Every structure is written in C-alpha cells, then in structure tokens.
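Engineer: This is the structure I have questions about; it appears just below.
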Amino acid sequence: MHGIALITGAGRGIGAAIARRLAAAGYELALNYARDRESAEALAAELRRPERRVLCLQADVADEGQVLSMFERIDAELGPLAALVNNAGIVVPGARLVDMDLARWQRLFNVNVIGALLCSREAARRMSTRLGGRGGAIVNISSRAAQLGSPGLYVDYAASKGALDSLTMGLGRELIEEGIRVNGVRPGIIDTEIHQTSGLDAEQLQVAAAQIPIGRLGRAEEVAEAVAWLLSDAASYIVGATLDVAGGR
Ligand code: NAP
C-alpha cells in the first residue's frame, strides 16, 4: 500500500487515467472534480474495493475555501496524504492576444496556477517532515505548450503552464529538505475532451497528430504512466524536474 493520493480534475481525461494507474499501484484515492459529479462517482465506483477507499470530492481548485474544505475532508475521512497530482486545468478557445480579455486570463491563471499553488500549499502543510508529516510527492501536469508558446492559438494558456514549470522547479528545491519530492510532466497533444474547448475539431487534431514526430496523438494512459513513476520510489533522485510525454513534439 502506497498511502493516499489526491488527484485534482480526476473525473475524466488524463486525471481519470492517473487515478486508474495509481489504484493499480496500490494507492487509496481522493478524486477531485469541479462540476461533473457523475463521471467522478462512476470512476470511484469502478475503483473502490474493500481494501481500497476512494473518496469523491467536489471543489473548484481556484477557490481557497473549497480547497481548504477538500483537504479537511481528506484528513477526516482518509488520513495522511502521501501524493498530490495537480492535474486540474483548463484550456481556452484559440485567439490572438489582441482579441483576449482580462476575464479569460484571470480564470485561466486562477485554475491552472493558483489552483496548483493552493493544493500544493495544503499538501505541503500536511506532508512536510519539518511540520510533523511523513513526507510525500507532488506531480504537476504542465503542457508542451509551456515551451512551445502556442503562438496564434493561446499564448495565455502556454504562459500559465510556463508558470507551473517554474513552480515545479522552485518547489522541488524548496520542499525536498522537508521530505517532499516535486516534479512535473509536460504532455503533448493527448486525446481527451479538453480539445472541445480549445476549438480543435477532429480533423484539425488529425492534422496536428501527423506533425508529431511519433505520428499520432498521445493517450491519457501514457501520461499516467509517467506520473506514477515520478511519484514512486523508483524516481527517488528526481527533484524539480519536468518530463516531456509528447511523442517527440
Ligand atoms: P479534460 O478532459 O478537460 O479534464 C479536465 C479535468 O479537470 C476535469 O475532470 C475537470 O472537472 C477538471 N477541472 C477543470 N477545472 C477545474 C477546477 N477549477 N477545479 C477542479 N477541477 C477542475 O482535460 P485533460 O485533457 O484530461 O487535461 C488534464 C490536464 O492536462 C490539464 O491540466 C491540461 O492543461 C493538461 N494537458 C492536457 C493536454 C491534452 O492534450 N489533453 C496537453 C497538455 C496538457 P469537471 O469535469 O468536473 O469540470
């Protein structure tokens, strides 16, 4: 048994694949979702076993009060957290900078950056050996966009993931002396529902896929594999690093 893992945005897509992979690795799970309760509950029912508790937790990661309540429920109903995956994230419709507005940027950064900060802080308060915790591991789900910049598509989304990469680098070095390993994963283009928001239709996704050196889109399970490895003791000397899972993109 590996202890308890919280995955944000776990109801579908990459988060759900991470949940399945971590269940197979022996973790008990806290599955966070924002709106889609049905998917999260269905996943929890699929993964729950007599020996494996799985808790579904509604919280908007951008809302401090909701994040605090979520962690209090984990404390009360599951126990000490061993792993956090900051996966919850949103993308925005493709646009050029001159057509973007402040509300779009605020929501994007509140979810993708502040959400990860809030959840990492609450996790660190519980895991830190300096504060009486048992240590743990955190993985941030970034994007290849952080390094490619997504010009003409969503430079704001790319910038939010760039901030997440900086957070991984800094927190990795800050928290390692408190027994917490922080790393990240940069997925390329993964076949999930997120592209319904980005505005990329099936045809555009196929064109994009053909341009990826490996010649296809990624699968959520392929991202989950990297996350499970980074959380595991097999990655014990990996600190503050972000791994590309992008088919060569
Ligand atoms: P997805 O299929 O759209 O799923 C996103 C998940 O995040 C959903 O479970 C959603 O919950 C949750 N979520 C959204 N806003 C939230 C909030 N404010 N609080 C809590 N949960 C929230 O997306 P995905 O493709 O799996 O992406 C997962 C992560 O990978 C994101 O961080 C994304 O930026 C990153 N990523 C994806 C790709 C890709 O090509 N798919 C590439 C690079 C990086 P509800 O359903 O309840 O709203």
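None of the figures in this text is laboratory data; all of them are computed from the coordinates on show. Only a predicted model underlies this, so the values are computations on that prediction, with no experimental measurement involved. Cβ atoms come from the backbone with ideal geometry, glycine included; neighbour counts cover every protein chain shown.
Engineer: Does Ala23 satisfy the condition of being under 16 Å from Ala220 (Cβ atoms) and more than 12 Å from the ligand (Cβ to nearest atom)?
Structural biologist: Criteria met by Ala23.
Engineer: Still on this structure, please answer the following. Tally time: how many residues in the range 191-211 are assigned to a helix (DSSP H, G or I) and more than 13 Å from the ligand (Cβ to nearest atom)?
Structural biologist: Selection size over the range 191-211: 6.
Engineer: Name the residue, out of Val54, Val92, Val85, that is within 16 Å of the ligand (Cβ to nearest atom), within 16 Å of the chain's Cα centre (by Cα) and aliphatic (A, V, I, L, M).
Structural biologist: Exactly one residue qualifies, and that residue is Val85.
Engineer: Here's a check for you: in the range 32-47, which residue that is over 11 Å from Ala88 (Cβ atoms) and buried (at least 16 other Cβ atoms within 10 Å of the Cβ) is farthest from the ligand (Cβ to nearest atom)?
Structural biologist: Once the filter is applied, the top-ranked residue is Leu47.
Engineer: Let me ask something additional. Filter the range 79-103 for residues that are buried (at least 17 other Cβ atoms within 10 Å of the Cβ) and not hydrophobic (A, V, I, L, M, F, W, C) and give the result.
Structural biologist: Scanning the range 79-103 gives Asn86, Asn87, Gly89.
Engineer: Looking only at residues that are out of contact with any strand residue (DSSP E or B) (no Cβ under 9 Å at 6 or more places or on another chain) and of a type in the set (A, V, I, L, M, F, W, C) in the range 155-169, which one is nearest to the ligand (Cβ to nearest atom)?
Structural biologist: The residue in question is Ala158.
Engineer: Could you identify the single residue in Gly188, Gly152, Gly172 that is under 17 Å from the mean Cα position of the chain (by Cα), farther than 23 Å from Ser236 by Cα and either within 15 Å of the ligand (Cβ to nearest atom) or in contact (Cβ under 8 Å) with a residue 40 or more places away in the chain (or both)?
Structural biologist: Going through Gly188, Gly152, Gly172 in turn, just one is under 17 Å from the mean Cα position of the chain (by Cα), farther than 23 Å from Ser236 by Cα and either within 15 Å of the ligand (Cβ to nearest atom) or in contact (Cβ under 8 Å) with a residue 40 or more places away in the chain (or both): Gly188.
Engineer: For the range 130-171: of the residues being in a helix (DSSP H, G or I) and among the polar types (S, T, N, Q), which is surrounded by the fewest Cβ atoms within 10 Å (Cβ to Cβ)?
Structural biologist: The residue in question is Ser166.
Engineer: Moving on. Quick one: count up the residues across the range 172-182 that are in a helix (DSSP H, G or I) and under 22 Å from Ile4 (Cβ atoms). Explain how you work it out, then say what you get.
Structural biologist: The initial filter retains those residues of the range 172-182 that are in a helix (DSSP H, G or I), namely 172-178.
With the extra rule that they be under 22 Å from Ile4 (Cβ atoms), the set shrinks to 172, 175-176, 178.
Here the count works out to 4.
Engineer: If Gly11 meets every condition in (1) of a type in the set (Gly, Ala, Ser); (2) touching a helix residue (DSSP H, G or I) at 6+ places or on another chain (Cβ under 7 Å); (3) within 27 Å of Lys161 (Cα to Cα); (4) touching a residue at least 60 places away in the same chain (Cβ under 8 Å) apart from one, which number is that one?
Structural biologist: (4)
Engineer: Turning to a different aspect of this structure: Are any residues in the range 117-145 more than 9 Å from the ligand (Cβ to nearest atom) and of a type in the set (A, V, I, L, M, F, W, C), and if so, which ones?
Structural biologist: Of everything in the range 117-145, those that are more than 9 Å from the ligand (Cβ to nearest atom) and of a type in the set (A, V, I, L, M, F, W, C) turn out to be Leu117, Leu118, Cys119, Ala123, Ala124, Met127, Leu131, Ala137, Ile138, Val139.
Engineer: Which ones in the range 160-169 are more than 15 Å from Arg249 (Cβ to Cβ) and in contact (Cβ under 8 Å) with a residue 12 or more places away in the chain?
Structural biologist: If the condition is that a residue be more than 15 Å from Arg249 (Cβ to Cβ) and in contact (Cβ under 8 Å) with a residue 12 or more places away in the chain, then Ser160, Gly162, Ala163, Leu164, Asp165, Leu167, Thr168, Met169 are the ones that fit.
Engineer: OK, next. Consider Asp99 against the criteria (1) away from the ligand (no atom under 16 Å from the Cβ); (2) among the charged types (D, E, K, R); (3) within 23 Å of Arg173 (Cβ to Cβ): it satisfies all of them except one. Which criterion is unmet?
Structural biologist: In the conditions (1) away from the ligand (no atom under 16 Å from the Cβ); (2) among the charged types (D, E, K, R); (3) within 23 Å of Arg173 (Cβ to Cβ), Asp99 misses (3) alone.
Engineer: Now a separate question. Residue check, Ser69 against (1) within 16 Å of the ligand (Cβ to nearest atom); (2) touching a strand residue (DSSP E or B) at 6+ places or on another chain (Cβ under 7 Å); (3) among the hydroxyl-bearing types (Ser, Thr, Tyr), all met but one. Which one?
Structural biologist: Ser69 satisfies every listed condition except (2).
Engineer: Is there a residue being surrounded by 17 or more Cβ atoms within 10 Å (Cβ to Cβ), charged (D, E, K, R) and assigned to a helix (DSSP H, G or I) anywhere in the range 224-245?
Structural biologist: No, the range 224-245 has no match at all.
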